[in-house]
Amino acid sequence: MARIIVVTSGKGGVGKTTTSSSIAMGLAQKGFKTVVIDFDVGLRNLDLVMGCERRVVYDFINVINGESTLNQALIRDKRCNLLSILPASQTRDKDALTKEGVGKILKELSKEFKYIICDSPAGIEQGAFFAMYFADDALVVCNPEVSSVRDADRMLGILSSKSLRAEKVREPVKEYLVLSRYSPERVETGEMLSVDDVQEILSLPLLGVIPESSAILNASNSGTPVILDEESNAGQAYSDIVARYLGEDRPQRFIKKQKIGFLSKLFGGR
Amino acid sequence: MSLLDYFKRSKPSASIARERLQILVAHERASITQAAYLPQLKQELLAVIQKYFNVNEESVSVNLEQDDNNEILELNVVFPDEEANKNQPEERKGKYNARVNRTGRR
């Protein structure tokens, strides 16, 4: 049976698609057959971040409407053949998704894949609702910033009351915190919420902290999930997150300010 | 920045953010869990009260408050003046208040 993971946040621009693409790539690299689905109908971007925008022929809505088969719509990743991408439709409006349609496709994907990552759109409308409805696990992406924390809390409320697991009174959706765009320097000077603050307010287990990093923009510019940039802090942070999700015990990193050595200071190394 | 500014510096903004969020999140969680059944409860209570007293919707308020391990359901009924003066003993004039305490969270 596949495990369905929703990557959600409520607020836009906090790093859902970045997280989805890296987690999906990370799980596939670990040897699990993984598919990542874009639920942002009308504003798809996962294809761009994954670097397969020119290979999109059919999409999620085509499959729901029976206009193409699932295999026609799935795009096999060129860097890792265990990873597939199911793009969202760019032309339809968001009402094209139906609970029955999404459920049917997830069921079909469950036969073939081990992990199904649902990249949620921002907001709490249709697309975001269907992305979280069938989930077993939820990665709640949050920035250390007031509006993001508030929206994340709202999303947690929706997960615990409106998901399929909540409706059927099954074991609740497992929720994890991914704190992104974290800047330990600004936390130290008291101008940014700390990881402890956010964790305390949301009372969620921390899966990992993604430091603010120039590598993220570089990665999306070139259509590469940042996890493949193994040199970068952000890439390593996502590798840690994948390992922790799979049950490995890895100490938290990127929470404390990095001490810059005398030599790096002198030569400007990072 | 002068030395004086250093001492005058106000509270770091992150701690303000934390306090604001703690209050807001607690409040929103409470109001979301309430919203589901409280309006209906109020309507049904009002219907019962109206059988015996001439009161309108505005004069009945139903509140659910939560602290650490207590839930307090508070019902406030304000009687119209002339009605209250006619039927009620002097000390109960004007207002009836009932509190139901329930220990332990749902």
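The values are calculated or read from the model by the stated rules, or taken from the named source; none is laboratory data. Remember, it's a predicted structure, so these values are computed and weren't measured experimentally. As a convention, Cβ positions derive from the backbone with ideal geometry for all residues, glycine included, and neighbour counts pool all protein chains shown. Quick note on the areas: whole protein, heavy atoms, side chains included, nothing else; ligands and nucleic acids left out. Shrake-Rupley method; radii C 1.70, N 1.55, O 1.52, S 1.80 Å.
When the range A:125-179 is limited to residues that are under 16 Å from A:Thr19 (Cα atoms) and in contact with a Lys or Arg (Cβ under 6 Å, 6 or more places away or on another chain), the one that is most open to solvent (accessible area, probe 1.4 Å) turns out to be A:Asn143.
Filter the strands (runs of 3 or more DSSP E) completely within the range A:1-100 down to those with at least 1 residues that are open to solvent by less than 30 Å² (accessible area, probe 1.4 Å) and more than 25 Å from A:Pro172 (Cβ to Cβ). Steps first, please.
Numbers: elements: A:3-8, A:34-38, A:83-86.
Result: A:34-38, A:83-86.
Would you check if B:Gln66 is open to solvent by 50 Å² or more (accessible area, probe 1.4 Å) and modelled with pLDDT under 85? For B:Gln66, the condition - open to solvent by 50 Å² or more (accessible area, probe 1.4 Å) and modelled with pLDDT under 85 - is met. Restricted to the range B:20-47, and to residues there that are part of a helix (DSSP H, G or I) and open to solvent by 80 Å² or more (accessible area, probe 1.4 Å), the residue that is nearest to A:Asn143 (Cα to Cα) is B:Arg20.
Which residues, taken from the range A:190-229, are within 14 Å of chain B (Cβ to nearest Cβ), among the hydroxyl-bearing types (Ser, Thr, Tyr) and open to solvent by 70 Å² or more (accessible area, probe 1.4 Å)? I'd like the intermediate steps shown before the answer.
Residues of the range A:190-229 that are within 14 Å of chain B (Cβ to nearest Cβ), as a first pass: A:190-204.
Next cut, among the hydroxyl-bearing types (Ser, Thr, Tyr) only: A:194, A:203.
Within the range A:190-229, A:Ser203 is the sole residue that qualifies.
For the range B:7-54, a residue qualifies if it is among the small types (Gly, Ala, Ser), under 21 Å from the mean Cα position of the chain (by Cα) and at pLDDT 85 or above, and the qualifying residues are B:Ala26, B:Ala47. Checked against the criterion of being without any contact (Cβ under 8 Å) to a residue 24 or more places away in the chain and under 18 Å from the mean Cα position of the chain (by Cα), the candidates A:Ala237, A:Ala215, A:Ala166 yield just one match: A:Ala215. A Cβ distance below 9 Å, combined with a sequence gap of six or more or placement on separate chains, defines the contacts here; from the range A:110-123, residues that are farther than 9 Å from A:Asp38 by Cα reach residues that are aromatic (Phe, Trp, Tyr) and in a loop (DSSP other than H, G, I, E, B) in the pairs A:Phe113/A:Phe32; A:Lys114/A:Phe32; A:Tyr115/A:Phe32; A:Ile116/A:Phe134.
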